[in-house]
Every structure is written in structure tokens, then in C-alpha cells.
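The values are calculated or read from the model by the stated rules, or taken from the named source; none is laboratory data. Please read these numbers as outputs of a predicted model, since none were measured by experiment. When we count neighbours, we look across all protein chains shown, and the Cβ atoms used for this are built from the backbone with ideal geometry, even at glycine. What goes into the accessible areas is simple: the full protein's heavy atoms, side chains included, and nothing from ligands, DNA or RNA. Shrake-Rupley method; radii C 1.70, N 1.55, O 1.52, S 1.80 Å.
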Amino acid sequence: MVLSKAVPSSSHDASLDCTFASRYVRAPLPRFKLPEESIPKEAAYQVINDELMLDGNPRLNLASFVTTWMEPECDKLIMAALNKNYVDMDEYPITTELQNRCVNMIAHLFNAPIGEEETAVGVGTVGSSEAIMLAGLAFKRKWQNKRKAEGMPYDKPNIVTGANVQVCWEKFARYFEVELKEVKLKEGYYVMDPEKAVAMVDENTICVAAILGSTLTGEFEDVKKLNELLTEKNKETGWDVPIHVDAASGGFIAPFLYKDLVWDFRLPLVKSINVSGHKYGLVYAGVGWVVWRSKEDLPDELVFHINYLGADQPTFTLNFSKGSSQIIAQYYQFIRLGFEGYKNIIENCMENAKVLRQGLEQTGKFNIVSKEVGVPLVAFALKDRTYYTVFDISENLRRFGWIVPAYTMPADAQHIAVLRVVVREDFSRSLAERLVSDIHKVVQELDEQVKHVTKVVTTQVDITARGGGTDGALVHKSEQEIAEEVITYWKKLVSRKKTSGVC
């Protein structure tokens, strides 16, 4: 007979036979203080994994421009580089070389005036926000140096943009004490008007920022016209106001789809361009790029040199340590896809956006606000906002797993509210068709609720009318009065159901 013997073990090193039956997942863990004792790795994993299940599905997050899928081979490269600190350039020279190759590829893609053997001026960042901060600092410092040399005041710099700019421009203006002069929008025109922008330029303007791919509608602003108008104003005034192109969304779209569109370094006043590698550069979140026209456009005093990591290393970033994975992933995509691959993917995105747009138009419920030329997205507004809004549709779509943002336009078009769907590489035609179907279901449900509420309120109004007034006389209400009471009742009902704000 074989006897089994239990071997005692401490609670700290015991493996879990059944994770969900252990005391580690049954007892509450502190949320805001460091726990006093350790727990097994299996329990720690399970606790965190269970909470993360409540997050939305990234691929169904149609609010985001950020890449949510990459090939398994690239995933392997990313995992292998997780422990590499990019800033250790002397220790990881190949990673540094890959970044330099990426900068040069992007510079040539944007038609920078550099020779085949000449090195482009640019840097990898953690996103377009950092890239814009760096470009803005270069403009500010160059303007200040010029004003100092002329003996002129240099304490009130400003930037001219459209009101449709991403919030990172507001951050730059506030953090680095630069006035942000915004060109207001209007209904039907949701990008910066070049004529109005140039009219706002003065001697303290460090640059005019144009957007290639508006966050709101995906539209490309007319950089060529802006360059022409600003060139004329510079000649008239003797100023030298330059242009920065925020191509965070459109920088990896225009070169592949709209080769005849002139928006980049082919225009003399364009001195710097930023682009997001983690958007249509097709890399996971955490990489952006900024490229300058020439060395003269990046003041030397902004570039730091360090040698305590093993060799002289120039650096122009807001942060110091950062991962190498996204830089490597960007290089993978460049050599893996090439021009042909990027063109095919972006064309497919545009086709799926077209399918979505046509499906929405067929419902008869929406006006399409976005344009067909630009970033592959569809922004659309309700034709009739009497009984429910785009915010109600957004909230109801979450029942099907979709995350579709609803928002109002900036000044002076804030009375316009829209839904927006960003079409990424992993948003297939079948998903586009499914989304249209689910939007149609939601709208039908809301319409049915309106009919039900209308019937209930109409009945209540009729009963009240038949009950008569204080003197017992019959009260007759007009159709207009009944309609107003129905609308008021419905809006109160909808507002009670809302539990959160805009996605």
C-alpha cells in the first residue's frame, strides 16, 4: 500500500492548485496603498486580467486613430526589444541606426530638399504631441533669436491655427507661453480658412499650423493656398512667417493616395512636419516623428549633447528614457510594406469607409459631414435631432461592443454634434456592414420609443383635456401644444437614462 504524505509549505511560495478558490482572489486587495505582503504570480495575474476584461475591445474602439493590430512577426520583434532603453545609443547602436533610417525615409517621402547621401534632420518621439512641442519650440527660439538681433520685443509670441486643432497645440501654447490665435469654424466648413488665418498673422507670429487630416472630419487643409497667401504677406511686410504641417493623421495617407496634392516640403514656407507612426504609420501606440526642412530650421541651442552613456550623443527630446520597440516596429513596417504595401492598405481603408458612408446614407437618418478626400473616416450628424441625439446613439451602440464617439464641433460651429468612425487597417468590410446594421437597429429602437412615448403623452394630454378646466369646461389643445408637450416629456426621459458624457 502506498501512503501519500502532505508536505507543508509557506503561503508565500505555494503554487495555486485552484486560483479562483484561493484566498488571494477572495480577499480584497488594497487599491491605493502598497500591499503589506506578496502574493503568488498566478494570483496577481488573474486579479489584473479579470479587471482588464472590463475594458473595451481595442479593435472595436472606432474613436481612435491608433493602430490596434500588427503582424505576429512584428509582435516578436517588439517583445524582444522591451528591455532596450532607446536613449542608450552607444549600447544599442543598431537601434539608433534604425531610427535614423526611418527619419530619412520619412523625409524623402515628404519631399525634403536633401540629397541621396545627405542625412535628414528629424527625430523619433513618443507621439505627435511631443513632435509638435519640439517643432513649436524650434519656431519660438528661432523667432526670438531674430527679434533679439533686430532689437525688437520678443516676449509675446503667437501661433495661428484653426479651431479644429488637436488639444496638443493648446498644451504647447499654455506650457510654453505662446498665444494661440484660432480661426473659428462655421457650419459646413470645419477646417481652417487660409485667408482668415493669414489675416491674423502679425510680427509676433512664430508660425501658422496647418492640419493634414483634421481630427474632427479627416479633411486636409489647403496648405498650398496658405503658402501662396503667406508668401505674399511676407513680401508686403518684410516678415518671414513659416508654416508647420501637422500631418499626424494624414502624413502616411497623402503620399500614397494623392501624389498630386502639394502640401509638404515642396512648398518653400513649410519648415517642419510631424506625423504619427502609431496612426496610419501602422505601429502600436507610442511613436511619432518630426522632420525639419534643413539644419538651419532647428536652432543648435535646443540640441543637447551628453557623454555619460559612453559617447557623445546629441538629443532633442522632452523626455529621456523610452522604449525601443516602437522604433523597431516602424522600421519593420517600412521595409515589410514598402510604398506598394502602404498604398494597398490605405486604399482598402478608403473603400471600407465608402461602404460605411453609403450604408449610413441609405438609412435616410444622417447627413455625412466628412469629405471623401482625406483620412479614411466617416463623421455624420442626425438629420432630425428633435427626439434623440447622436449621444444617445453612441451610448446605445456600446451594447453591441462598439465604441463610437459623439462630440460637438469647436467654435463657432458648436451647435453641430456628430458621430465619428475611424477606419483603420483591421476594420474590415464585414465589420463596416455589421456596424451599419447595428446603427440601424439602435435608430429603429429609438424611433419605437419615441412612438410609444408620443402615444402615452398624447393619451395623457387627451385625458387632461377631457377633464376640463377649473370651471368644468372642455380644454382644447392645439397640435403644436401637444407636440411641444411630447418633446418635453421625451427629452426628460432621455436625460434620465444618460449615465455618462461623451465617449
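Numbers at a glance
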| item | result |
| --- | --- |
| Selection status of K148, over 22 Å from the mean Cα position of the chain (by Cα) and closer than 27 Å to I368 by Cβ | no |
| Residue match in segment 427-448 (condition: at pLDDT 95 or above, outside any helix (DSSP H, G or I) and under 23 Å from K354 (Cα atoms)) | yes |
| Matching residues, segment 217-231, being open to solvent by 20 Å² or more (accessible area, probe 1.4 Å) and either closer than 22 Å to Q166 by Cα or not in a helix (DSSP H, G or I) (or both) | E219, F220, D222, K224, K225 |
| Index of the failed condition, W289 passing every other in (1) assigned to a helix (DSSP H, G or I); (2) surrounded by 14 or more Cβ atoms within 10 Å (Cβ to Cβ) | (1) |
| Tally, over segment 323-361, of residues that are without any contact (Cβ under 8 Å) to a residue 12 or more places away in the chain and not β-branched (V, I, T) | 6 |
| Qualifying positions in segment 89-113 - assigned to a loop (DSSP other than H, G, I, E, B) and open to solvent by less than 30 Å² (accessible area, probe 1.4 Å) | F110, A112 |
| Pairs where the first residue, in segment 193-209, is in contact (Cβ under 8 Å) with a residue 60 or more places away in the chain and outside any strand (DSSP E or B) and the second is surrounded by fewer than 22 Cβ atoms within 10 Å (Cβ to Cβ) and β-branched (V, I, T), C-beta under 8 Å, 6+ apart | none |
| Candidate set: segment 325-353, residues that are within 18 Å of I106 (Cα to Cα) and among the small types (G, A, S); chosen: the one surrounded by the fewest Cβ atoms within 10 Å (Cβ to Cβ) | G338 |
| Test: residue in segment 373-393 that is surrounded by fewer than 20 Cβ atoms within 10 Å (Cβ to Cβ), of a type in the set (A, V, I, L, M) and within 20 Å of G277 (Cβ to Cβ) | no |
| Candidates F256, F304, F320, filtered to the one that is surrounded by 17 or more Cβ atoms within 10 Å (Cβ to Cβ) and aromatic (F, W, Y) | F256 |
| Test for Q358: is it on the phi < 0 side of the Ramachandran plot and in contact with a Gly (Cβ under 6 Å, 6 or more places away or on another chain) | no |
| Single residue of segment 186-212 satisfying the filter (in contact with a strand residue (DSSP E or B) (Cβ under 7 Å, 6 or more places away or on another chain) and closer than 19 Å to A417 by Cα) that is surrounded by the fewest Cβ atoms within 10 Å (Cβ to Cβ) | V191 |
| Pair list, Cβ under 7 Å, 6 or more apart: segment 123-146 residue more than 19 Å from Y331 (Cβ to Cβ), other residue among the aromatic types (F, W, Y) and assigned to a helix (DSSP H, G or I) | I132/W169; I132/F172; M133/F172; G136/F172 |
| Boolean, T67 is touching a Leu at 6+ places or on another chain (Cβ under 9 Å) and either surrounded by fewer than 18 Cβ atoms within 10 Å (Cβ to Cβ) or on the phi < 0 side of the Ramachandran plot (or both) | yes |
| Among the residues listed as L337, L318, L282, L261, the single one being at positive phi and either in a loop (DSSP other than H, G, I, E, B) or not β-branched (V, I, T) (or both) | L282 |
| Qualifying residue in segment 219-229 (condition: of a type outside the set (V, I, T), touching a helix residue (DSSP H, G or I) at 6+ places or on another chain (Cβ under 8 Å) and under 26 Å from N344 (Cβ atoms)) | yes |
| Considering residues of segment 232-246 that are under 22 Å from L298 (Cβ atoms) and free of Cβ contacts under 8 Å to residues at least 60 places away in the same chain only, the residue most open to solvent (accessible area, probe 1.4 Å) | W239 |
| Considering residues of segment 259-286 that are open to solvent by less than 20 Å² (accessible area, probe 1.4 Å) and among the aromatic types (F, W, Y) only, the residue farthest from the chain's Cα centre (by Cα) | F265 |
